[in-house]
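Report on the structure given below.
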Amino acid sequence: MAALGAPLRTLRALLRELRHAAGRSYRDSPAYRHVVAAFRAHRVTSEKLCRAQQELHFQAATYLCLLRSVREHEALHREYHGRGERSPQEVAGLVGFRLPQQPGGKG
């Protein structure tokens, strides 16, 4: 796995993904309050060395990856999801073919 990077960068990216998921009122959500409180509780200070900081950072990076992947999956699904069954003429037009004309003007 690649390096985790700075915890502050991970926190900001995580909050950005929460904003995408929850909309404008993301600061009122329990997820926002939990993430911010967890990062504040696990920061390293001069009085103590928190052994769980790397664990929290790894979990936050994993959750960030999940949120980002879900958002990108939904965008791809909206763009490429089928809209029902298509007629043979539409399918032929998608791949660049034309259906043959039936004699007598029936097609």
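The values are calculated or read from the model by the stated rules, or taken from the named source; none is laboratory data. Please read these numbers as outputs of a predicted model, since none were measured by experiment. For neighbour counting, all protein chains shown are included, and Cβ atoms are generated from backbone atoms with ideal geometry for every residue, glycine included. Surface areas here come from the heavy atoms of the whole protein model, side chains and all, with no ligands, DNA or RNA. Shrake-Rupley method; radii C 1.70, N 1.55, O 1.52, S 1.80 Å.
Annotation note: of Gln102, Gln54, Gln89, Gln59, the sole residue that is outside any loop (DSSP other than H, G, I, E, B) and at pLDDT below 80 is Gln54. Of all residues in segment 75-101, those that are among the charged types (D, E, K, R) have Cβ atoms under 8 Å from Cβ atoms of residues that are open to solvent by 100 Å² or more (accessible area, probe 1.4 Å) and in a helix (DSSP H, G or I), 6 or more apart or on another chain, in Arg86/Leu94.
So, Arg16, is that one within 18 Å of Leu67 (Cα to Cα), modelled with pLDDT of 85 or more and not hydroxyl-bearing (Ser, Thr, Tyr) or not? So Arg16 passes the test.
Working carefully through the options Arg9, Arg40, Arg83, find the one that is modelled with pLDDT under 90, part of a helix (DSSP H, G or I) and open to solvent by 90 Å² or more (accessible area, probe 1.4 Å).
Working: Arg9 fails: modelled with pLDDT under 90; Arg83 fails: part of a helix (DSSP H, G or I).
Within the list Arg9, Arg40, Arg83, the selection yields Arg40.
Of everything listed in (1) modelled with pLDDT under 80; (2) acidic (Asp, Glu); (3) open to solvent by less than 100 Å² (accessible area, probe 1.4 Å), the single unmet condition for Glu47 is (3).
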